[in-house]
Every structure is written in structure tokens, then in C-alpha cells.
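So the structure is just underneath, and the comments pick up after that.
The values are calculated or read from the model by the stated rules, or taken from the named source; none is laboratory data. What you see is a predicted model; the values in this text were computed from it and never measured. Virtual Cβ from ideal backbone geometry, glycine too; neighbours counted across all protein chains shown.
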Amino acid sequence: MNIIIAGDGKVGSMLTRQLSTEGHNITVIDSNAKVLEATIERYDVIAVHGNCASMDVLMQAGVKDADLLIAATSEDEVNLLCCTTAHALNPKLHTIGRIRNPEYTEQIYRMRNVFGLSMVINPENQTATEIDRLLKYPGFLRRDTFAKGRTEIVELRVSSGSKLCNVRLMDLRNIVRCQVLVCAVLRDGNAIAPKGDFVLREGDRVFFTALSQNLTTLLKNLDILTRRVRNVTICGGGRISYYLASRLKRSGISSRIIERDYERCQELCELLPDAEIIHGDITDQDLLESEGMSMSDALVTLTGIDEMNMIVSLYAASQGVPQVITKLSHTSNLNLIDNLSLGSVVCPRDLVCNNIVRYVRAMENQTGAAISVHTIADGQVEALEFLVDEHTRNCGKSLKEIKLKPNILLVSISHGATTEIPNGDSVFQKGDTVVVVDTNSKEIIRQLNDIFA
């Protein structure tokens, strides 16, 4: 497909890398010539220097022949004008706009067609949603949901003294005493598709597929104590903090936000009358102690500086805070920080890019496209959900009769409202939904038939 990416920042750069790797024709627009030069050196793309909201610049970028435009500049208004102008020049064009300001939320929803928007992305709101989900199950580092919430892929780290240490996967059922499937293991920075004789060891990050109703049982039988989160300390008062505190209020969870900018504190007091807003520097250890950080059920670091988030998260973990969540804007050095006690790590850029890549794949293959796509194990593994239709091969055959491609695992089958973690005797039929895990990044799975050998 012909795709225009307007804005060559963190999101734009990651999308350029991902979509160009998948074989799409990419044109990048940015007002910074040096940034574009660096992009051209790294990727096989076309670069256009200029204002992406300008009609002339969009025409120069080939908007009339484009299939999709992604407006991901740092300015909401520029993104809106870019999408509106591009759609007027090419009414068949799909447009995705990054809109971050909470003041525009209702307006965008009501006037979506006026602005010519096919999809709206909000990194901060998506990040707040992800953090809110993690707070509901404090034992997990990450949760990805499939089958309308009935199946989840969850991440756990094997710590010293864990019941998972030195356990063969074929013996796992005796420990967890519920139906689960280990779909991937991240060891020493490398993703592994484990077999039954694989032995877990300390430091492994394990990805379990389980029915949502079994998550509590899984944690309980692994002696991972969980308690309902009642109060959360949030470090940093940006947009993510606003969205998160709003969600926590609806769940009956109290929040305190520590922000060093006094004017922003005043704004937050007006926006979040039920939250406790504290003016101060989160790097001040005395402040954290006086505000009872160690008594919090969870601490979330959401400043705009990764290093500051990491330091505060490490300190919170050392003080025994039960759950720590760390926001990182850059996840390129995950191998270096993998052994640090940062708790759950969330990256707004990765969340947004995953959603956009799913949309692109659905456009490219309207019939049989994945219902949802999640990237796990530091981006090395994909989990995809598909609908079984009349074109799907091997319907009605038991899984033990079906040969899948290497490093492909079918981890969930939903028959209407009933979902199962499959075994060799399981079958899928037309109308079912299945979840597939791919640890072989060399080949892109675009439709369900791509998994069969």
C-alpha cells in the first residue's frame, strides 16, 4: 500500500520502520530536514520536507495516489487539518490522526466525519487504560486480552524462590492447578517457543495464555499475593496522569499526584477535585516518605524523563511498594534494564503503533484479517486473533492432525460464548475465533491460513 506518515517523531519513526519492513511504500513528511535525512539513511522511503497540513506539500507527497495517511505530529491541530485536507483531496483515503488534548475528545467523537478521520489515536489515554488494567491484577507485569475479554496472555517473571523455578512445562499443571498454556518465554533477551521438556529458571519472563476466570487461581497457586488496590501514588502530572486518575476515580480507587510545576498543580486541582494533588519534586526522598509512598498499594511513574521514572521506581521497589509501574518513552534498550526492579513497563509509543499496524493489516486484507494484534516479549512475538470463516483450511480437524508452521502455536479457541485452551483433540469450526502466537518474526501472518504448513 501507499502510506503517508506525517510527522517523523517517536511514533512516526517507529511506524516507518515497521511498515517499511512489511513492504509498504512509505512517504514521510516533516518540517525538520535533518530528521528526514536520518530517516532516508536508515529506511528505503521517500521524504518530503514541509508543513504536512499544506495542500501543496500533501500533493507533493502523492496524496491522491495514497491509500492511508497517518498524522502523528506533536500538534493536535496540525494533525486535524492534515487529515481534513488530505481527505478532501482524496475522498477514498483512510486517515489516522493522533489527538492528545482531552478538551477535543467529545468534539472529535461528534465531528469525526467532518474532519475526515477514519481512526483517532490518543497515546496518553491508551497508556492510562493499560495501566488501569494492570492495577486490577497486581501480580502480572502485562496483560493482553482476546476473545471479548475471555482469554488473556499475561506476563510473569520467575523470581528467586518462585514455585516456577526449575519446573518443566509438562509438570506445570500440578503447580498452577488450572488450565494454562505457556506460549512464549523471554530468556536473556531472546524469545523462545518452549516445548513440554523446557525448564523454567530464575529471571525468565513467562507468557501464559489463560481464561480470564482462571487468573486469580493462577496467582494464588503460585503464592503471588494480590490485594485490591485502594490507593495509588502517581509521579508526574501530565495527560496520562489525568486520564489515569479519572479512571481510578470511577473504580473507587483514590489517587495522589505529585507534580513539580505549580501552575499544572492548580490545573489538576480543578480537573480532578477528588484527587490529592501535591506540589513537589519526586526526586526528593524526604517528600516521598512524608507523603507515605511506602504505604501506597501502587506507584506509577509518569514523568517525561525515562531516567527519572526508572530511579523513582527502583526506590519504590526497594521500599516495598507492592506494585510498581514505569512509563518509558524509549524501549530500544530493554535488554539493559530487564533485570532492574521496574515492575511493569509501559510504552505509549508501542501501544499506539501496535493499534495502527493492526489497522493497516486489516486494510490490506479485508477478508480474513486479524481481529486484534498484540506484540509481546519485547516486540519479538506477535499474538493474533482471527475469525474462522468459510475460506479457513482444516475446519473440523483435530489439532493433532494439523501441521502448523514452525514456531506457531494455537493457544485459544472460542466457540460462541465458550472459550477453551486447546489440546490435541480440540477442533475449530466456521464462526469460531482463535488466538495464534507467532515467535517467528521472519514471516508476517496476515490471515489465518498463513499459519498452516
Can you tell me which residue among 193, 298 is under 28 Å from residue 374 (Cβ atoms) and not assigned by TED's automatic domain parsing to the domain that holds residue 171?
-> 298
How many residues does the range 116-136 hold that are buried (at least 20 other Cβ atoms within 10 Å of the Cβ) and not acidic (Asp, Glu)?
-> 12
Number of positions in the range 84-99 that are surrounded by 22 or more Cβ atoms within 10 Å (Cβ to Cβ) and charged (D, E, K, R) = 1
Only one of 125, 190, 166 is farther than 30 Å from residue 388 by Cβ, in contact with a helix residue (DSSP H, G or I) (Cβ under 7 Å, 6 or more places away or on another chain) and either of a type in the set (S, T, N, Q) or modelled with pLDDT of 90 or more (or both), namely 125
Hey, residue 110 hits all of (1) among the basic types (Lys, Arg); (2) surrounded by 19 or more Cβ atoms within 10 Å (Cβ to Cβ); (3) over 25 Å from the mean Cα position of the chain (by Cα) but one; which does it fall short on?
-> (2)
With the condition kept exactly as written, say whether any residue in the range 307-316 is touching a Cys at 6+ places or on another chain (Cβ under 7 Å) and either among the aliphatic types (A, V, I, L, M) or outside any helix (DSSP H, G or I) (or both).
-> yes
Might you check whether a residue that is modelled with pLDDT of 90 or more, of a type in the set (Gly, Ala, Ser) and within 30 Å of residue 347 (Cα to Cα) occurs anywhere in the range 416-429?
-> no
Under 7 Å by Cβ, and 6 or more places apart or on different chains, what pairs join a residue from the range 42-59 that is among the acidic types (Asp, Glu) with one that is surrounded by 15 or more Cβ atoms within 10 Å (Cβ to Cβ) and at pLDDT below 95?
-> 44/20
The lone exception for residue 247 - which of (1) at pLDDT below 95; (2) over 13 Å from residue 128 (Cα atoms) it fails = (2)
Is it the case that the range 101-117 has a residue that's in contact with a Leu (Cβ under 6 Å, 6 or more places away or on another chain), among the charged types (D, E, K, R) and more than 25 Å from residue 433 (Cβ to Cβ)?
-> no
Among the candidates 181, 215, 186, which residue alone is assigned to a strand (DSSP E or B) and surrounded by fewer than 22 Cβ atoms within 10 Å (Cβ to Cβ)?
-> 181
Among the residues of the range 186-213, the number that are in contact with a Pro (Cβ under 9 Å, 6 or more places away or on another chain), in contact (Cβ under 8 Å) with a residue 60 or more places away in the chain and of a type outside the set (Gly, Ala, Ser) is 0
Out of 362, 370, report the one residue that is surrounded by fewer than 18 Cβ atoms within 10 Å (Cβ to Cβ) and closer than 26 Å to residue 93 by Cα.
-> 362
Looking at the range 396-432, which of its residues are free of Cβ contacts under 8 Å to residues at least 40 places away in the same chain and of a type in the set (Ser, Thr, Tyr)?
-> 398, 418, 426
Filter result for the condition that a residue is modelled with pLDDT of 90 or more, over 30 Å from residue 271 (Cβ atoms), among the small types (Gly, Ala, Ser) and within 27 Å of the chain's Cα centre (by Cα), over 33, 6, 38, 86 | 38
Within the bounds of the range 86-100, is there any residue that is outside the structural domain of residue 242 (by TED's automatic domain parsing), in contact with a Pro (Cβ under 9 Å, 6 or more places away or on another chain) and part of a loop (DSSP other than H, G, I, E, B)?
-> yes
Subset of the range 243-273 (residues that are in a helix (DSSP H, G or I) and not charged (D, E, K, R)) = 243, 244, 245, 246, 248, 262, 265, 266, 268, 269, 271
Any hit, the range 83-99, residues being over 15 Å from residue 6 (Cβ atoms) and of a type in the set (D, E, K, R) = yes
